[in-house]
Amino acid sequence: MSPMMLDTGSPSFTEFLSSYAPHLLPWRRGVPAEPVGDQIPHATTIVAATFAGGVVMAGDRRATSGNMISQRDIEKVFRTDEYSCVGIAGTASIGIELARLYCVELEHYEKREGRVLSAEGKANRLATMIRGNLPMAMQGLAVVPMFVAYDPDRGEGRIFSYDVGGGPYEQKNYAAIGSGSIFARGALKKLYRENASAEDTVLVCLQALYDAADDDAATGGPDVYRQIYPVVAVIDEEGFRRLSDEEVEAHVRSLLEGRSQSPDGPHAPLR
Amino acid sequence: MSIPFGYVPAEQQMRDKADYARKGIARGRSSVVLQYDNGILLVAHNASRALHKISEIYDRIGFAAVGRYNEFEALRLAGIRYADINGYSYDRADVTGRGLANFYAQQLGMIFTDSIKPFEVEIVVAEVGNTPEEDQIYRLTFDGSVQDEHGAIAMGGQADAVAARLKDHYREGMTLEEALQAALAALTEPGNEPPPTSQLEVAILDRTRPLQRKFLRLTGRRLERLIEAGRKAAEPSGEGGEAATGGPEAQATPPATPPATPPTAPPTAPEGEIDTGSGE
């Protein structure tokens, strides 16, 4: 009889995979002898911020291998279920695979158990998966995702960030990951307003990404000539929604208009 | 050489197993699966709100079952694993109803021949396509035989009576409300009240759903509204006499003993054809 029929105990897809087809797990591939970090594309900056009744996540589109730009329109923000998404920074290949696996993990649980995991449950599940990748991280194949979810029990958006060892660390209000995150976080700190509208919060995230791209070579800015704009996701009571390119373009154009007058962006009041 | 003690000829053994499984299935309540204009409707008469007979397997694939709960639950869980592992290692588009039906056929066939006790289940794997012609519905029985179906299917206890009523009420290209009425009529024993909404488990695979996952459970107010709308639509067209016409044939069927040898036999049985697959 097929192993799929036997021991139908665990509702975790990853646990099933580790016994049925362990080679399909991103972290079961054997650790490279030498660090290979710079030879493989890396994804960089992701920002997230909460608003009244939801959360926004945005990611730039650049992937770099060392000093090379390896892709201009890579996607780093992935819908994982109706009320959550992950953004990845670090080794792109492993990050994308992890996001895909995580998406199946959540759906698998939902279908088997007939209920959706709690926001904490989802965050903890991702932590376990990142922990599994630690040996690879030590060889330069680190992936550090950020997870955001709308929590229907509380009626608010939540943000969880991680380190290479797992986590999760819940963040209040806003967070950023990736090489441009230092600059993005500075911008978020200045521009973030509690209980702002979803639209204003999208603008805050786009401004933060712009600042990250301004000072970090590995983060790409909006590419108006090629029409490549950041990926922006909004999650609220209505569920996950990825903004269309047209919507993001409109925001980006107004942002660029402002920056043409004041290149360092909007000023936060001094007092 | 003498025949070993307790020897039962293979033929007899298979027949006994089939009878046993069929009896088990006949004890339960029925489920029906039918196509409507925008998808596939799955309806089960189920007293439990938590233990499902109908389930999502994958984006476009649903599952309906009758028989022994722990057995079809094992099949359901295995099916979800099968679908998720294929979708993960290839692509979501590479998970098909046909593949899943074959997987189930293998498992059920193996269990039927190798185990002392066969599974007392009958299941339907339904995959919604982009058009009604592309819909795929597979019916699988306890011995692993598969049948490729079209239109409307009934299974479970009193399956023949339910199927006959379903046939009377079903036509192609019905709306969801109409299809739901047909399903309800099929699940209603003549002269009796239809099963209360609280005992109906209803789900659809809706091809017009904008999401990747087409499976949707219909419950509570929404289900009541749909049933009510269907009932209203049926009344003015003079189909109110339905119950009356259903009466006479009702008298013929209900007290009749459980169908030991149904006239339209399940797709295969030891005494019948062995697995036609019906794909020809």
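The values are calculated or read from the model by the stated rules, or taken from the named source; none is laboratory data. In this text, all values refer to a predicted model and were calculated from it rather than measured experimentally. Here Cβ is always computed from backbone atoms with ideal geometry, including for glycine, and neighbour counts include all displayed protein chains. Note: areas computed on protein heavy atoms with side chains; ligands, DNA, RNA excluded. Shrake-Rupley method; radii C 1.70, N 1.55, O 1.52, S 1.80 Å.
Condition test on A:Asp60, is it in contact with a Ser or Thr (Cβ under 7 Å, 6 or more places away or on another chain), surrounded by fewer than 14 Cβ atoms within 10 Å (Cβ to Cβ) and more than 10 Å from every other protein chain (Cβ to nearest Cβ)?
no
Only one of B:Glu127, B:Glu73 is within 11 Å of chain A (Cβ to nearest Cβ) and open to solvent by less than 40 Å² (accessible area, probe 1.4 Å). Can you tell me which?
B:Glu73 is the lone residue from the list that is within 11 Å of chain A (Cβ to nearest Cβ) and open to solvent by less than 40 Å² (accessible area, probe 1.4 Å).
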For the range B:100-123, what are the residues that are surrounded by fewer than 20 Cβ atoms within 10 Å (Cβ to Cβ), closer than 13 Å to B:Tyr20 by Cβ and within 12 Å of another protein chain (Cβ to nearest Cβ)? B:Ser115
Quick check on this structure: which one of B:Gly24, B:Gly6, B:Gly97, B:Gly67 is more than 14 Å from chain A (Cβ to nearest Cβ) and free of Cβ contacts under 8 Å to residues at least 40 places away in the same chain? B:Gly6
Residue check, B:Ser48 against (1) open to solvent by 10 Å² or more (accessible area, probe 1.4 Å); (2) within 11 Å of chain A (Cβ to nearest Cβ), all met but one. Which one? (2)
Got a number for residues in the range A:212-244 being in contact with a strand residue (DSSP E or B) (Cβ under 9 Å, 6 or more places away or on another chain) and open to solvent by 70 Å² or more (accessible area, probe 1.4 Å)? 5
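Here are some residues: A:Met5, A:Met1. Which one is assigned to a loop (DSSP other than H, G, I, E, B), open to solvent by less than 60 Å² (accessible area, probe 1.4 Å) and aliphatic (A, V, I, L, M)? Before the answer, list the steps.
On the way: A:Met1 fails: open to solvent by less than 60 Å² (accessible area, probe 1.4 Å).
Being assigned to a loop (DSSP other than H, G, I, E, B), open to solvent by less than 60 Å² (accessible area, probe 1.4 Å) and aliphatic (A, V, I, L, M) holds for just one of A:Met5, A:Met1, which is A:Met5.
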Might you check whether a residue that is touching a helix residue (DSSP H, G or I) at 6+ places or on another chain (Cβ under 6 Å), more than 19 Å from B:Ile40 (Cα to Cα) and in a strand (DSSP E or B) occurs anywhere in the range B:106-126? yes
A:Pro32 fails exactly one of the following numbered conditions: (1) under 23 Å from the mean Cα position of the chain (by Cα); (2) away from chain B (no Cβ under 14 Å). What is the number of that condition? (1)
Any chance A:Thr91 is away from chain B (no Cβ under 14 Å), polar (S, T, N, Q) and either touching a residue at least 60 places away in the same chain (Cβ under 8 Å) or open to solvent by 30 Å² or more (accessible area, probe 1.4 Å) (or both): no
Please enumerate the residues belonging to the range B:182-212 that are in a loop (DSSP other than H, G, I, E, B) and touching a helix residue (DSSP H, G or I) at 6+ places or on another chain (Cβ under 8 Å). B:Thr188, B:Glu189, B:Pro190, B:Gly191, B:Pro194, B:Pro195, B:Gln212
What's the total number of residues in the range A:181-216 that are of a type in the set (S, T, N, Q), assigned to a helix (DSSP H, G or I) and over 23 Å from A:Ala63 (Cα atoms)? 1
Could you figure out which of (1) within 26 Å of A:Thr201 (Cβ to Cβ); (2) of a type in the set (A, V, I, L, M, F, W, C); (3) more than 14 Å from every other protein chain (Cβ to nearest Cβ); (4) in contact with a strand residue (DSSP E or B) (Cβ under 7 Å, 6 or more places away or on another chain) isn't true of A:Phe78? (3)
Exactly one of A:Arg112, A:Arg79 is surrounded by fewer than 23 Cβ atoms within 10 Å (Cβ to Cβ), within 15 Å of the chain's Cα centre (by Cα), within 27 Å of B:Arg60 (Cβ to Cβ) and of a type in the set (Lys, Arg), and that residue is A:Arg79
Out of the range A:217-268, which residues are touching a Gly at 6+ places or on another chain (Cβ under 7 Å), assigned to a strand (DSSP E or B) and of a type outside the set (Asp, Glu)? A:Val231, A:Val234, A:Ile235
